[in-house]
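Colleague: Right, I'll just put the structure down here and ask away after.
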Amino acid sequence: MKKYAVYVLTGLRILVGWHFLYEGIVKLMNPAWSSKIFLMGSNWVFSNIFHSMAASPGVIHAVDFLNTWGLILIGLSLFIGLLVRWSSAAGALLLLFYFMAYPPIPGHTFGAVVEGNYIWVNKTLIELLILLVFTALPLDFFFGADRIIKRWKEEKPHQPIPSENKEGTSLQRRELLRDMISVPLLGAFAYAVYKKKRWDSFEKKFLADQTDATSGATMKTFSFSTLGDLKGQIPKGKIGNLEISRMIMGGNLIGGWSHARDLIYTDKLVKTYHSDERIMMTMQLAEKCGINALITNPQLCRIINKYWHETGGKMQFISDGGNSKESIEKSLEGGASAIYFHGGVADRTTNDGKFEDIAKNLALIRSYGKPAGIGAHRIETVKGCVEHGIKPDFWVKTMHHHNYWSAKVDLERQSTIDKDFKDNIFDFSPEETIRFMSTLEEPWIGFKLLAAGAIQPTEGIPYGFNNGADFICVGMYDFQIVEDCNIVLDSLAKVHRTRPWRG
């Protein structure tokens, strides 16, 4: 073997050890760290085992301890070159668990820290194979403590002391220096950790402990609920022959339609946040909470089908593309379970008196064996359809009160068919909506309950169920899903409604 190869292999061993050691120390210094969230997010073949581990506080405590100190001891061993074969085997086993929890397979990396674009191969697998190579290499291939111990064992302390050999002594000294090559690097590592700790402490002290004042727009902490906080599964009802969760995901946010009012950057921000993986992770999290349906436009058929293909998810797609033959066919091709006539288009269609267009499209949707619905922002749209004898399989109607700031801007209550619509009110007659919808026998999906983010979920969600909605549609970011589901469960547990449940 080339002489320089020993230096290369030793350097590689020290770098892997540095990585392990730092990962362990960071976890040790963070009392809030736990492997629970990591284990709960696993969704590959061994996910049931990881989930059962996460469900037991005793097991989690043991896993956290073994993980933290395993990383530290393996890292230290690799760093100084002591018991390299044993630490390499232990490190490879630990990385194998990481790999099995989040393999770099499309649809199975949600919740993992991904530093690039991987498919089947990631840094965990590469580092695992490096450690396996270390287990197979002779000790002479590395400078380190193992070689010092080996030479000591090979010495014959009882043989006569040889005459002084300056060349031999010099050689031994050089060998010892080579084997201690990691000592200065270990000092550099300790210094780097110390500086990082000091900076973190300074930053925390500067930002939190010594503030002169905190403005109303400043959040000192940000936390959100995780699956461990979930109170139960969202119950289900029926629309036609479909079993639908009482809360349905709204597709506006993941599609980039944010109803941003005068915040001109928000649509772009929402689109940037919702990468394909983020959207799929959001849908997968929703399914784990019991949400099994998504309402959105046929434009999102691509990502929905990608989600089904890559994750095996069962999220049902309710399309709002029922306002044209082309859109209906695109929805069907995209796998829609139900289709309804889009609310904004229905408002304009009924305002023009073209009720036959709605009836014709509902018949076309039903001819394909799918439940057919009608959406509306204006209650006049629903009334007009009822007066013309148009009976859908379900309604999708806006519902929210006007007790929020931006509702006061539109004093004239301009409707969705007005050219200067302000995009801040979506149910222009909430009391009339509640009264008239209570007379209908078809299932009703209430949407825009939060007035596109102007009303708190703790207020808007109970408002929907208490006032007659059989299902609610809520647009949610991933970090809002568990909290909103818990609000739904609390609301249903103490619901007060006069309209019977439909569906």
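What follows draws every value from the coordinates through simple rules; no lab data is involved. From a predicted model like this one, the values you see are computed outputs, not experimental measurements. Neighbour counts run over all protein chains shown; Cβ positions are idealised from the backbone, glycine included.
Colleague: Out of the DSSP beta bridges found with both residues in the chain, what percent are antiparallel (nearest 5)? List each step's numbers first, then the result.
Modeller: Values: 6 of 32 bridges.
About 20 percent, rounded to the nearest 5.
Colleague: To make sure I understand, if each residue's beta carbon is the centre and we count other beta carbons within 10 Å, what order do 497, 13 fall in, fewest to most? Display every interim value, and only then the final one.
Modeller: Numbers: 497 14, 13 27.
Taking fewest neighbouring Cβ atoms as first place, the list is 497, 13.
Colleague: Relative contact order, percent, of the chain when contacts are C-alpha pairs under 8 Å separated by at least 6 residues?
Modeller: Here the relative contact order equals 12 percent.
Colleague: Further, regarding this structure: Calculated from DSSP H runs of 4 or more alone, at -39500 (n - 2.57) each and per residue, what is the 222 nm mean residue ellipticity of the chain, nearest 500?
Modeller: Computed mean residue ellipticity for the chain: -15500 deg cm²/dmol.
Colleague: Now for a separate question. For the range 457-503, what does the relative contact order come out to in percent, with C-alpha contacts under 8 Å and a separation of six or more?
Modeller: 58 percent.
Colleague: Pairs to check: 422/448; 354/391; 288/330; 354/448. Give those whose C-alpha atoms are more than 18 Å from each other in this structure. Write out the running numbers ahead of the final one.
Modeller: Values: 422/448 15 Å; 354/391 15 Å; 288/330 28 Å; 354/448 25 Å.
Listed pairs above 18 Å: 288/330; 354/448.
Colleague: I've got another one for you. Select one label from (1) 63, 24, 19; (2) 38, 31, 19; (3) 47, 32, 18: the one whose number is semi-axes √(5λ) of the Cα gyration tensor in Å as derived from the coordinates shown.
Modeller: Comparing each candidate, only (1) matches the computed number.
Colleague: While we're here: Which is farthest toward the positive dipole end of the chain among 286, 45, 406, measuring Cα position about the Cα centre, with Cβ charges +1 (Lys, Arg) and -1 (Asp, Glu)?
Modeller: It is 45, whose Cα lies furthest towards the positive end.
Colleague: If you don't mind, there's one more thing I want to ask. What distance in nm separates the two pseudo spin-label positions at residue 363 and residue 422, each 7 Å out from Cα along the beta-carbon direction?
Modeller: Once both label points are built, they end up 4.2 nm from each other.
Colleague: Given a Förster radius of 51 Å and the C-beta distance between residue 233 and residue 354 as r, what FRET efficiency does 1/(1 + (r/R0)^6) yield to the nearest 0.05? Intermediate results must be reported in sequence, preceding the final value.
Modeller: Working: r = 42 Å, r/R0 = 0.82.
Calculated transfer efficiency: 0.75.
Colleague: Nearest 5 is fine: what % of DSSP beta bridges in the range 227-493 come out antiparallel, could you say?
Modeller: Antiparallel: roughly 15 percent of the beta bridges in the range 227-493.
Colleague: If you wrap a convex hull around the Cα atoms of the range 227-493, how much volume per residue is inside, in Å³?
Modeller: It comes to 125 Å³ per residue, whole-number rounded.
Colleague: Sticking with this structure for a sec: Using the Cα centre of the chain as the reference point, and only Cβ charges (+1 on K/R, -1 on D/E), how large is the resulting charge dipole? Debye, rounded to the nearest 20. Intermediate results must be reported in sequence, preceding the final value.
Modeller: Details: 56 positive and 51 negative charges, 302 e Å.
With only Lys, Arg, Asp and Glu charged at Cβ, the dipole is about 1460 debye.
Colleague: Can you find, among 475, 428, 457, the residue sitting farthest towards the positive end of the charge dipole of the range 359-492, where Lys and Arg contribute +1 and Asp and Glu -1 at Cβ?
Modeller: 428
Colleague: Sequence gap at least 6, Cα distance under 8 Å: using those rules, report the relative contact order of the range 227-493 to the nearest whole percent.
Modeller: Across the range 227-493, relative contact order equals 21 percent.
Colleague: Under a Cβ-only charge scheme (Lys and Arg +1, Asp and Glu -1), can you give me the dipole magnitude of the range 227-493 about the Cα centre, in debye to the nearest 20?
Modeller: 380 debye
Colleague: Something else about it: Pop a pseudo-label 7 angstrom from the Cα along the beta-carbon direction at both residue 69 and residue 135 and give the gap in nm to one decimal.
Modeller: Simple spin-label model gives 2.2 nm for this pair.
Colleague: Report the Cα centroid-to-centroid distance between the range 1-34 and the range 260-293 in angstrom, as an integer.
Modeller: 37 Å
Colleague: As a footprinting exposure proxy, order 394, 465, 97 by other Cβ within 10 Å, with the fewest listed first.
Modeller: Exposure proxy ranking, most exposed first: 97, 465, 394.
Colleague: Based on other C-beta atoms within 10 Å, arrange 354, 397, 153 from fewest to most.
Modeller: Listing 354, 397, 153 from fewest to most nearby Cβ atoms yields 153, 354, 397.
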